[in-house]
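Enquirer: Here you go, one structure.
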2 protein chains.
Amino acid sequence: MKLHNYFRSSTSYRVRIALALKGLAYDYVAYHLRKGEQRGAAYLALNPQGLVPTLQTDDGALLPQSLAIVEYLDELQPDPPLLPATPLERARVRSLAYAVACDIHPVNNLRVLQYLVDPLGHDAAVQGEWFRHWVAVEFAALEKRLTEEPGTGRFCHGDSPGLADICLVPQVVNGRRFDCDMTPYPTIRRIHEACMAIPAFAEAAPERQPDAET
Amino acid sequence: MKLHNYFRSSTSYRVRIALALKGLAYDYVAYHLRKGEQRGAAYLALNPQGLVPTLQTDDGALLPQSLAIVEYLDELQPDPPLLPATPLERARVRSLAYAVACDIHPVNNLRVLQYLVDPLGHDAAVQGEWFRHWVAVEFAALEKRLTEEPGTGRFCHGDSPGLADICLVPQVVNGRRFDCDMTPYPTIRRIHEACMAIPAFAEAAPERQPDAET
C-alpha cells in the first residue's frame, strides 16, 4: 500500500495511526501542502478533491477521505478492532470521532484559514482566534461527554484505542500549534497522554515522518 | 424512537431519509435553530454539542451526529442496506458521503455563517459568496468522481440509494437556498432527481416536516 499524505495534515495523521495500530506496512509519499502540491496534476489524478490523504492499495484502488480509509482498514484487518462490538457502542465511538472530524477539523482546515486572509482580508491574529474559537466550543462539549458518559475508559471508549482516539489525538496536536488552551479539558488531556504512550500513536506523529520540518 | 431535529437542518434531513428508507417510525421533536432552541437547557441535556439531530432510542439512549445515527440504523435494520457489500465499495460510498459531510456542510453550517457576521463584520453578500465557494469547489470534484468512476449507477453507487445519496440530496437542497449554480453538475443533478423520485427522500424533505416554514 501507498499512503499519499503530508506530515502535518491531521487527516493524514489519523490514517497513519490506524495503519500502525493494525501493523500494516506502507510506502510514504509526501505532498507539501503549503507549496500547493496537493493541487498539482499528479495528485489531482489520484484525488480530484486535492485533499490529503489518499490510500492506494496494492491493486491500485484509490481511497480518499481519512475516515473512509480507517473504516476500510478496520474491515480489511479486524484485529485489533477500532470500533466496539455493539451497534450502540459503535454509534457512540463514531459520534465522538465525527465531533472532531466534522465539527472542528473542516472549519479549521488550511484552505478555510487561507480564505479568511484572501479574499476576506483578515490577518493571522483573526485566523488564530477563529481556530481557537471552534476548538474551544467543541472541546468543551467533548470534554463533558467524555467525563460524564460511562463508556469512557482509559481511552475515548473503554480501555483500547479506537476510531475516536484516532481523530482526537491529531486534533490535540494541531491545537497546540495554534496555542489552544487545554487547561479546561483534563479528560481529553488524560486520554491524549494515554494514546501517546502507545507506539502506534507516537510513531505516526508529524515530527516522526520523513517530510517533517520544524 | 424520537428524532430531535429541525426541518431545514441538512444533517437532520439525512437521518429522516435513512429512517424513511428503513421504514422505521419515529416521533418528530422540533427545535428552532434560528431561535437558538438547540442551545437551550432542554436540548443541551440531550446533546452537549447543541447541534441537531439527536436520535433517542426507545431505551432512552441518546445518539448524536447524523452519520453515526445512519450507520447505527443500517446495523440495526440491515434491509435495505445503505452501504454496499465489499470493503472497497463501502470505502467508496463513505468517501463520497464524507466529501459532503466533512468538506462542504461543516464549513457552511449556520454557526460558521453567523461568525462571519459577528464578530468578523461581514454582510449577507459575503456569507453567500462563502457558501457558494465551498459548494462549487467540492461539487466540481464530486461531479468528476461521479461521472468518471465505474461504481456510479442510477445513484451515487449502483442502482440503489445509500449513504452517499443521503448526504448529497440535502446538500443540493441547501445549495438552492443560497442560489448555487447547478448547471456544471449534470451527474449530481441526475442523481438528485433519481433520489427525489423515491418516496423516502421526498417525504423527508424540509417542506414536508411539521415545523416547516416558507
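Read-outs: derived from the displayed coordinates by stated rules, not from any lab. This is a predicted model, so every value here is computed, not measured. Because the Cβ atoms are built from the backbone with ideal geometry, glycine has one as well, and the counts that use them run over all protein chains shown.
Enquirer: Please give every one of the lysines within straight-line cross-link reach of B:Lys22, meaning a C-alpha to C-alpha distance under 29 Å, and leave out same-chain neighbours fewer than 8 residues apart.
Expert: B:Lys2
Enquirer: Report for the protein assembly as shown the percent antiparallel among DSSP-assigned beta bridges with both residues inside it, nearest 5.
Expert: Values: 12 of 22 bridges.
Around 55 percent of the beta bridges assigned by DSSP in the protein assembly as shown are antiparallel ones.
Enquirer: Also: Give me the extension gain from A:Val117 to A:Glu37: residue separation times 0.36 nm, minus the current Cα-Cα distance, reported in nm with one decimal. Write out the running numbers ahead of the final one.
Expert: Working: separation 80, 0.36 × 80 = 28.80 nm, distance 2.01 nm.
Fully extending the segment from A:Val117 to A:Glu37 adds 26.8 nm.
Enquirer: Further question on the same structure: May I ask you to evaluate 6.51 cos²θ - 1.76 cosθ + 1.60, the Karplus curve with θ = phi - 60°, for each residue of region A:178-194 and list the ³J(HN,Hα) values in order in whole Hz, giving x for glycine and proline?
Expert: 9, 6, 5, 6, 8, 3, x, 10, x, 6, 4, 5, 4, 5, 4, 5, 4
Enquirer: Rg and Dmax in Å for the protein assembly as shown, alpha carbons only: what are they?
Expert: 20.1, 55
Enquirer: Taking every pair of alpha-carbon atoms in region A:1-83, give the share separated by more than 22 Å as a whole percent.
Expert: Details: 629 of 3403 pairs.
The calculated P(r) of region A:1-83 puts 18 percent of pairs beyond 22 Å.
Enquirer: Here's another thing I want to ask about it. Order these peptides, A:108-114, B:2-8, A:30-36, by their mean beta-carbon neighbour count within 10 angstrom, highest first. Walk me through the intermediate numbers first.
Expert: Values: A:108-114: 17.7, B:2-8: 21.3, A:30-36: 15.0.
Ranked from most to least packed, the peptides come out as B:2-8, A:108-114, A:30-36.
Enquirer: Then there is this: Give the long-range amide H neighbours of B:His122: residues separated by 5 or more places, or on another chain, with amide H under 5 Å away, using H modelled in the peptide plane at 1.01 Å from N.
Expert: HN-HN under 5 Å from B:His122: B:Val117.
Enquirer: While we're here: Under 4 °C and 1.567 mPa s, how fast does chain B diffuse according to Stokes-Einstein, given a Kirkwood radius computed over C-alpha pairs? Answer in µm²/s, whole number.
Expert: Taking Rh from Cα pairs, D becomes 73 µm²/s.
Enquirer: In nm², what is the average projected area of the convex hull enclosing the Cα atoms of region A:3-47? Each step should come with its number before you reach the end.
Expert: Working: hull surface 12.7 nm².
Reported value for the Cα convex hull: 3.2 nm².
Enquirer: Near the axis that takes chain A to chain B, which A residue has its beta carbon closest, and at how many Å?
Expert: So the closest residue, with its distance, comes out as A:Pro106, 2.
Enquirer: What list of ³J(HN,Hα) couplings, whole Hz, do you get for region B:156-168 from phi and the Karplus terms 6.51, -1.76, 1.60, once you set θ to phi - 60° and write x for glycine and proline?
Expert: Rounded to whole hertz, the list is 4, 9, x, 10, 10, x, x, 3, 5, 5, 4, 7, 5.
Enquirer: Give me the percent relative contact order of region A:87-200, please, defined on Cα pairs under 8 angstrom at least 6 residues apart.
Expert: Details: 90 pairs, mean separation 36.5, N = 114.
Contact order relative to length: 32 percent.
Enquirer: Taking 1 over the mean of 1/r across every pair of different Cα atoms in region B:95-214, what Kirkwood radius in Å do you get?
Expert: Working: mean 1/r = 0.0660 Å⁻¹.
So the Kirkwood estimate lands at 15.2 Å.
Enquirer: Next question. What ³J(HN,Hα) values, in whole Hz, does the Karplus curve 6.51 cos²θ - 1.76 cosθ + 1.60 give for region A:59-75 when θ = phi - 60°, with x put for Gly and Pro?
Expert: In residue order, the calculated couplings are 7, x, 5, 10, 10, x, 6, 3, 6, 5, 5, 5, 5, 4, 4, 5, 7 Hz.
Enquirer: Using only atoms on other chains, find how many Cβ atoms lie within 10 Å of each Cβ of peptide A:82-94 and report the average. Present the calculation step by step, with values, prior to reporting the outcome.
Expert: Details: counts 0, 1, 0, 0, 1, 7, 7, 0, 4, 16, 7, 1, 9.
The shielding value for this peptide is 4.
Enquirer: Using the basic label-point model (7 angstrom from Cα toward the beta carbon), what is the A:Val137 to A:Thr187 distance in nanometres?
Expert: 2.1 nm
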